[in-house]
Amino acid sequence: MANWLPGASLENLRKRAQMLATIRSFFSEKNVLEVETPLLGHSTVTDVYIQSLQLNTNIRSKSKTLYLQTSPEYSMKRLLGAGIGPIYQICKAFREGETSMRHNPEFTILEWYQPGYSMTDLMNEVEQLLFELLGYETISRYSYHEVFLEKLDIDPHTITVEDLEVVTRERIDIYGGDLGKTDYLQLLMAHVIEPMLAENFFVYDFPVGQEALAKFELDEAEMTVAKRFELFCEGMEIANGYYELIDADEQRGRFESDVEKRKKLNLPVYIPDEKLLAALDAGIPQSAGVAIGVDRLLMLLLGSSNISDVISFTTDLS
């Protein structure tokens, strides 16, 4: 007989509903508008570290490839360009191949954008939300530079690729070569540093190479950094935020660079989102934006180590 029961307990699903209600109340009090955007789009992210799920279909008798969104970011930025003001969205997002105790290919994301906010302003607001949801008080903040110095005694901005490879292979079993500096740093963050982060804290000001859609600025040491942050709670990545890049030409260059990297890695090649670039070219207000994994928030609230405890039907049960 087929297993038709939900993976999460009914009590956990009720707590999930309560959490979603609290999130909506939080933004309502701040006059941040809830929006909806499509889950399917003609374009998807070019980031080499994110793989998209696609759907082949017919639209008006023409064969089309559509992509399930990895986040609502592009559509929400188009709304910002139209002048909608502060917005948030709770929706489904999809990523190929992400299945583990902390990952499900289909997951729930909370994303919001605040025009006029700095990166620090947005970190403050994330902190406020986690106080409402989880009772967390002040969350510590460390630059990417500081956390690598503290945990591994290396400077992630200046270390050579050769030295970084040595450090990485001493701590992680790596098969194969042809890895770059960003690959090694991300491996060390995911497999060495994250498990050491029992404390809840923000990591901000990432190295060049991990900028994604964030602006570049000089830090206090006059080092060029990507103005973005990640939040880690009990060893899990919870949030990913940006002081948003709004320069269309620079964004196009980053997309094109991603496409070339994808070709070299024999990954599917995605065409850059021309509608996002057009919105950037028309003018999007300087904003800060963040995405938070709702399922992981509930895992923290319940003290769970398995994402199947907080989703009614994970992909293997759907």
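The values are calculated or read from the model by the stated rules, or taken from the named source; none is laboratory data. Note that the coordinates shown come from a computational prediction; the quantities given were computed from them, not determined experimentally. All Cβ positions, even for glycine, are placed from backbone atoms using ideal geometry, and neighbour counts span all protein chains on display. Areas reflect the complete protein model, heavy atoms only, side chains present, ligands, DNA and RNA absent. Shrake-Rupley method; radii C 1.70, N 1.55, O 1.52, S 1.80 Å.
Which ones in the stretch 25-64 are out of contact with any Phe, Trp or Tyr (no Cβ under 7 Å at 6 or more places or on another chain), of a type in the set (S, T, N, Q) and under 18 Å from Gly97 (Cβ atoms)?
Of everything in the stretch 25-64, just one residue is out of contact with any Phe, Trp or Tyr (no Cβ under 7 Å at 6 or more places or on another chain), of a type in the set (S, T, N, Q) and under 18 Å from Gly97 (Cβ atoms), namely Gln51.
I need a count of the residues in the stretch 1-38 that are surrounded by 16 or more Cβ atoms within 10 Å (Cβ to Cβ) and assigned to a loop (DSSP other than H, G, I, E, B).
Residues meeting the conditions: 5.
Report yes if some residue within the stretch 134-147 is more than 19 Å from Met123 (Cβ to Cβ) and free of Cβ contacts under 8 Å to residues at least 24 places away in the same chain; otherwise report no. Outline the logic, then answer.
Looking only at the stretch 134-147, we keep the residues that are more than 19 Å from Met123 (Cβ to Cβ), and these are none.
So far as the stretch 134-147 goes, no, none of its residues is more than 19 Å from Met123 (Cβ to Cβ) and free of Cβ contacts under 8 Å to residues at least 24 places away in the same chain.
Of the numbered conditions (1) assigned to a loop (DSSP other than H, G, I, E, B); (2) in contact with a helix residue (DSSP H, G or I) (Cβ under 7 Å, 6 or more places away or on another chain), Ile271 fails exactly one; give the number of that condition.
If we test Ile271 against (1) assigned to a loop (DSSP other than H, G, I, E, B); (2) in contact with a helix residue (DSSP H, G or I) (Cβ under 7 Å, 6 or more places away or on another chain), just (2) comes out false.
Where residues in the stretch 154-163 are surrounded by 10 or more Cβ atoms within 10 Å (Cβ to Cβ) and out of contact with any His (no Cβ under 7 Å at 6 or more places or on another chain), which of them is nearest to Val192 (Cα to Cα)?
Taking the stretch 154-163 as the starting set, the residues that turn out to be surrounded by 10 or more Cβ atoms within 10 Å (Cβ to Cβ) are 154-159, 161, 163.
This time we only want the ones that are out of contact with any His (no Cβ under 7 Å at 6 or more places or on another chain), so: 154, 158-159, 161, 163.
Details: Ile154: 13, Thr158: 19, Ile159: 17, Val161: 18, Asp163: 16 Å.
Residue satisfying both the conditions and the ranking: Ile154.
Any idea how many residues of the stretch 55-73 are open to solvent by less than 30 Å² (accessible area, probe 1.4 Å) and either part of a loop (DSSP other than H, G, I, E, B) or without any contact (Cβ under 8 Å) to a residue 40 or more places away in the chain (or both)?
Just the residues of the stretch 55-73 that are open to solvent by less than 30 Å² (accessible area, probe 1.4 Å), to begin with: 66, 69-73.
If we keep only those that are either part of a loop (DSSP other than H, G, I, E, B) or without any contact (Cβ under 8 Å) to a residue 40 or more places away in the chain (or both) as well, we get 66, 69-72.
Residues flagged as open to solvent by less than 30 Å² (accessible area, probe 1.4 Å) and either part of a loop (DSSP other than H, G, I, E, B) or without any contact (Cβ under 8 Å) to a residue 40 or more places away in the chain (or both) within the stretch 55-73 amount to 5.
Restrict the check to the stretch 163-172 and report whether at least one residue is assigned to a loop (DSSP other than H, G, I, E, B) and free of Cβ contacts under 8 Å to residues at least 24 places away in the same chain.
The first filter runs over the stretch 163-172 and keeps only residues assigned to a loop (DSSP other than H, G, I, E, B), leaving 172.
Now restrict to residues that are free of Cβ contacts under 8 Å to residues at least 24 places away in the same chain: 172.
Checked the stretch 163-172: at least one residue is assigned to a loop (DSSP other than H, G, I, E, B) and free of Cβ contacts under 8 Å to residues at least 24 places away in the same chain.
Taking the condition of being open to solvent by less than 20 Å² (accessible area, probe 1.4 Å) and under 22 Å from Asp47 (Cα atoms), how many residues in the stretch 164-204 meet it?
The qualifying residues number 5.
I need a count of the residues in the stretch 205-235 that are open to solvent by less than 70 Å² (accessible area, probe 1.4 Å), part of a loop (DSSP other than H, G, I, E, B), more than 19 Å from Asp47 (Cβ to Cβ) and among the acidic types (Asp, Glu).
Adding up the residues that qualify gives 1.
From Ile292, Ile246, which residue is among the β-branched types (Val, Ile, Thr), part of a strand (DSSP E or B) and either surrounded by 14 or more Cβ atoms within 10 Å (Cβ to Cβ) or at pLDDT 95 or above (or both)? Don't jump to the end; show me each part of the working.
Details: Ile246 fails: part of a strand (DSSP E or B).
Going through Ile292, Ile246 in turn, the sole match is Ile292.
For the stretch 249-264, how many residues meet the condition of being open to solvent by 40 Å² or more (accessible area, probe 1.4 Å), within 21 Å of the chain's Cα centre (by Cα) and among the charged types (D, E, K, R)? Working first, answer last.
Quick first cut of the stretch 249-264, residues open to solvent by 40 Å² or more (accessible area, probe 1.4 Å) only: 249-250, 252, 256-257, 260-261, 263-264.
Applying the additional criterion that residues be within 21 Å of the chain's Cα centre (by Cα) yields 250, 252, 256-257, 261.
After this cut, where a residue has to be among the charged types (D, E, K, R) as well, the list is 250, 252, 256, 261.
Qualifying residue count for the region: 4.
Give the residue, chosen from Gly97, Gly116, that is closer than 25 Å to Gln69 by Cα and in contact with a Pro (Cβ under 8 Å, 6 or more places away or on another chain).
Details: Gly116 fails: closer than 25 Å to Gln69 by Cα.
Of the residues listed, the single one that is closer than 25 Å to Gln69 by Cα and in contact with a Pro (Cβ under 8 Å, 6 or more places away or on another chain) is Gly97.
Determine if the stretch 141-153 includes at least one residue that is open to solvent by 30 Å² or more (accessible area, probe 1.4 Å), part of a strand (DSSP E or B) and within 30 Å of Leu164 (Cβ to Cβ).
Let us first name the residues in the stretch 141-153 that are open to solvent by 30 Å² or more (accessible area, probe 1.4 Å), namely 141-142, 145-146, 149-151, 153.
So of that shortlist, the ones also part of a strand (DSSP E or B) come out as 141-142.
Narrowing further to those that are within 30 Å of Leu164 (Cβ to Cβ): 141-142.
Yes, the stretch 141-153 contains a residue that is open to solvent by 30 Å² or more (accessible area, probe 1.4 Å), part of a strand (DSSP E or B) and within 30 Å of Leu164 (Cβ to Cβ).
Can you list residue pairs whose Cβ atoms sit under 7 Å apart, with the first residue in the stretch 232-246 being polar (S, T, N, Q) and the second being open to solvent by less than 10 Å² (accessible area, probe 1.4 Å)? Count only pairs 6 or more apart in sequence or on different chains.
Asn240/Val290
Going through the stretch 109-140 one residue at a time, which ones are assigned to a strand (DSSP E or B), surrounded by 14 or more Cβ atoms within 10 Å (Cβ to Cβ) and out of contact with any Gly (no Cβ under 6 Å at 6 or more places or on another chain)? Explain how you work it out, then say what you get.
At the first step, the residues of the stretch 109-140 found to be assigned to a strand (DSSP E or B) are 109-115, 140.
Checking which are surrounded by 14 or more Cβ atoms within 10 Å (Cβ to Cβ) leaves us with 109-115.
Across the stretch 109-140, the qualifying residues are Ile109, Leu110, Glu111, Trp112, Gln114, Pro115.
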